[in-house]
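Q: Pasting a structure below so you can have a look.
The values are calculated or read from the model by the stated rules, or taken from the named source; none is laboratory data. Just so you know, these numbers come straight off a predicted model, no measurement behind them. We place every Cβ from the backbone using ideal geometry, glycine too, and count neighbours over all the protein chains shown. Areas reflect the complete protein model, heavy atoms only, side chains present, ligands, DNA and RNA absent. Shrake-Rupley method; radii C 1.70, N 1.55, O 1.52, S 1.80 Å.
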Amino acid sequence: MVILMDRQGIAHLNWPEFQTLWEKIRRWTDIFLVFDTNKTNRLEYQEVAPALKAAGIHVDDLVMELVGLRYTEPDMTVSYPGFLYLVMKLESMIHKFQSYDMIGMGIVTISYRQWLQMTMYN
């Protein structure tokens with residue numbers, strides 16, 4: 001979690017960054033509990049996209065297919081820790097993309113080194 005929240009690349013959070021992380025975890029926990037309609041402490045696959053939307057993350061069918069492959073258990077559910085990691089990962093990658101998309105066109109150009117740093121560190 002620290003790595004995904006670390007904006008400076010030093011594997012360390014200062015107090016304000018930790019407070020931000022804690023508030024996000026609380027908000028995401030509330031979202032998880034609302035969308036866990038059958039109260040199994042797991043989100044059914046079909047509950048994930050609406051939960052992500054409630055967290056402010058809009059995903060398409062391709063991203064949901066990737067979520068199904070990477071973040072679900074064999075029974076196609078997402079655990080609470082898995083949901084937190086998924087939301088943090090998506091938020092982190094969206095933030096990184098937006099930082100490279102300086103004119104807001106939805107297209108970025110990055111170097112090989114930038115790509116490796118972005119994917120290896122996160």
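Q: For residue 55, which of the numbered conditions (1) in contact with a helix residue (DSSP H, G or I) (Cβ under 8 Å, 6 or more places away or on another chain); (2) open to solvent by 80 Å² or more (accessible area, probe 1.4 Å) fails to hold?
A: If we test residue 55 against (1) in contact with a helix residue (DSSP H, G or I) (Cβ under 8 Å, 6 or more places away or on another chain); (2) open to solvent by 80 Å² or more (accessible area, probe 1.4 Å), just (2) comes out false.
Q: Identify the single condition in (1) in contact with a Ser or Thr (Cβ under 9 Å, 6 or more places away or on another chain); (2) modelled with pLDDT of 95 or more; (3) open to solvent by less than 30 Å² (accessible area, probe 1.4 Å); (4) not small (Gly, Ala, Ser) that residue 44 does not satisfy, given that it satisfies every other one.
A: All conditions are met except number (3).
Q: If we scan region 96-105, do we find a residue that is among the basic types (Lys, Arg) and exposed (fewer than 10 other Cβ atoms within 10 Å of the Cβ)?
A: no
Q: Here is a list of conditions, (1) modelled with pLDDT of 95 or more; (2) touching a helix residue (DSSP H, G or I) at 6+ places or on another chain (Cβ under 8 Å), and residue 17 meets all of them except one; can you say which number that is?
A: It fails just one condition, (1).
Q: Could you identify the single residue in 77, 72, 109 that is in contact with a helix residue (DSSP H, G or I) (Cβ under 9 Å, 6 or more places away or on another chain), open to solvent by 80 Å² or more (accessible area, probe 1.4 Å) and among the β-branched types (Val, Ile, Thr)?
A: Values: 77 fails: open to solvent by 80 Å² or more (accessible area, probe 1.4 Å); 72 fails: open to solvent by 80 Å² or more (accessible area, probe 1.4 Å).
Result of the check over 77, 72, 109: 109.
Q: Touching a residue at least 12 places away in the same chain (Cβ under 8 Å) and open to solvent by 30 Å² or more (accessible area, probe 1.4 Å): is that true of residue 23 in this structure?
A: Considered against the rule, which asks whether it is touching a residue at least 12 places away in the same chain (Cβ under 8 Å) and open to solvent by 30 Å² or more (accessible area, probe 1.4 Å), residue 23 comes out as no.
Q: Shifting gears a bit: From the list 29, 20, 40, which residue is out of contact with any Asp or Glu (no Cβ under 9 Å at 6 or more places or on another chain), of a type in the set (Ser, Thr, Tyr) and not in a helix (DSSP H, G or I)?
A: Values: 29 fails: not in a helix (DSSP H, G or I); 20 fails: not in a helix (DSSP H, G or I).
Being out of contact with any Asp or Glu (no Cβ under 9 Å at 6 or more places or on another chain), of a type in the set (Ser, Thr, Tyr) and not in a helix (DSSP H, G or I) holds for just one of 29, 20, 40, which is 40.
Q: On to the next question. Filter region 63-92 down to residues that are among the acidic types (Asp, Glu) and in a helix (DSSP H, G or I) and give me whichever is nearest to residue 42 (Cα to Cα). Write out each step before concluding.
A: Going through region 63-92, the residues among the acidic types (Asp, Glu) turn out to be 65, 73, 75, 91.
After this cut, where a residue has to be in a helix (DSSP H, G or I) as well, the list is 65, 91.
On the way: 65: 18, 91: 20 Å.
Across region 63-92, the extreme among qualifying residues is 65.
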